[in-house]
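Chemist: The structure's right below; bear with me while I get my questions together.
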Amino acid sequence: MVKTAGIEDDAMSAVPWQSTYINELDISSTELSEDCLLDIFFRMPRLKYLAVPYCDGFTDKVLELLVDHGKLSTCHAIDLSNTVNLSSDVVYTFLMLHGKHLHGLSYAGNANVTEQFWRKIVGSLENIKRIITKVHVDQILDVCAHYCPELQRLEIQWDADTVRFSELNSKFIDNLRIRCIHLQSLVLSDGAYYESVKANFERANRNRVVRTTTSYRTTTISLLDYYNQLKFN
């Protein structure tokens, strides 16, 4: 993990990645260039875990290379949040191909991602356990309830002033609560909608599921193979 490290292109390119057994990589908030990422990902083995939020060098060409060379064919967790040079079209293609393998997906910070994107893609995430996104809440609750029976953690990052939901929101909340029986955490911004969802779950004696973004954040980190050792250290 080189998250937030000031590592430079030359140092990363100098590593003989083709001779390593690396299968989990976090380069969040690094300033590695597109050319560097194309070089190192071409030489790396397949990845089971990849986190690239706030990595401006992670572009369409980089994700396309990873997909075309099968580097993400067994990936079970990926964080693509706030990748400003990565288009939703390329992410859509990746998720349609490999979404069925994913247990964790974080994809927030792209203003062009619409409710329609999620309605189309969630059906391919049949094994997903964690989702972090920013989208119309009714829509995401509806598709998760129907297509993600294994869902354990869901975070929707609209703040209280911009969260969007319909007058039928209680129906969508009911569907999620009833169908996603493994759901342990639903994280929302504090406000009227949060209070409505919390009350719904509490009436069903599921008192600790609904949480606020003020005190809780959902990540894909716990899906690392050696997460327990990392947490201990």
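Chemist: Do the sum for the chain: with -39,500 (n - 2.57) for every DSSP H run of n ≥ 4, divided by all residues, what is the mean residue ellipticity at 222 nm, to the nearest 500 deg cm²/dmol?
Modeler: The helix contribution divided over the chain gives -10000 deg cm²/dmol.
Chemist: Hey, another quick one. Would you calculate the volume per residue, in Å³, of the smallest convex hull containing every Cα atom of segment 1-102?
Modeler: 80 Å³
Chemist: Looking at segment 1-63, which GluC sites (Glu not before Pro) are DSSP coil and have at most 16 other C-beta atoms within 10 Å of their C-beta?
Modeler: Details: sites: Glu8, Glu24, Glu31, Glu34; in loops: Glu8, Glu31.
Answer by residue number: Glu8, Glu31.
Chemist: Sticking with this structure for a sec: Using amide H atoms built 1.01 Å from N in the peptide plane, name the residues 5+ places from Glu155, or on other chains, whose amide H lies under 5 Å from its own.
Modeler: Ile131, Ile132, Thr133, Val187
Chemist: If the elastic network links every pair of Cα atoms under 10 Å, which of Gln157, Gln116, Gln139 fluctuates the most in the Gaussian network model of the chain?
Modeler: Looking only at Gln157, Gln116, Gln139, the largest GNM fluctuation is found for Gln116.
Chemist: Give the long-range amide H neighbours of Thr83: residues separated by 5 or more places, or on another chain, with amide H under 5 Å away, using H modelled in the peptide plane at 1.01 Å from N.
Modeler: Long-range HN contacts for Thr83: Tyr54.
Chemist: For the chain, treating each Cα as an identical point scatterer without solvent, what Debye log10 I(q)/I(0) comes out at q = 0.10, 0.13, 0.15 1/Å?
Modeler: -0.47, -0.78, -1.00
Chemist: With label points built 7 Å along Cα→Cβ from the Cα atoms of Asp225 and Ser29, find their separation and express it in nm.
Modeler: With each label placed 7 Å out from Cα toward Cβ, I get 2.7 nm.
Chemist: Between Tyr216 and Thr74, what length in nm is gained on full extension when 0.36 nm per residue of separation is reduced by their alpha carbon distance?
Modeler: Extra length from Tyr216 to Thr74 when fully extended: 48.2 nm.
Chemist: Once the Cα atoms of helix 34-43 and of the chain are each reduced to a long axis, what angle between those two axes, in degrees from 0 to 90 to the nearest 10, is obtained?
Modeler: The two axes meet at around 80 degrees.
Chemist: Here's another thing I want to ask about it. In debye to the nearest 20, how big a dipole does the chain give about its Cα centre with +1 on each Lys and Arg Cβ and -1 on each Asp and Glu Cβ?
Modeler: In debye, rounded to 20, the chain gives about 1200.
Chemist: Can you pull the one-decimal nm distance between simple spin-label points at Lys100 and Phe42, each 7 Å off the Cα toward Cβ?
Modeler: Calculated label separation equals 3.1 nm.
Chemist: By how many degrees, 0 to 90 and rounded to 10, does the Cα axis of helix 88-98 deviate from the longest principal axis of the chain?
Modeler: 90 degrees
Chemist: Mind pulling the angle between the C-alpha long axis of helix 137-147 and the longest principal axis of the chain? Nearest 10 degrees, somewhere in 0 to 90.
Modeler: 80 degrees
Laboratory data are not the source of any read-out in this text; all were calculated from the coordinates shown. Remember, predicted model here, so these are calculated numbers, not experimental data. Heads up, the Cβs are rebuilt from the backbone with ideal geometry, glycines too, and the neighbour counts pull from every protein chain shown.
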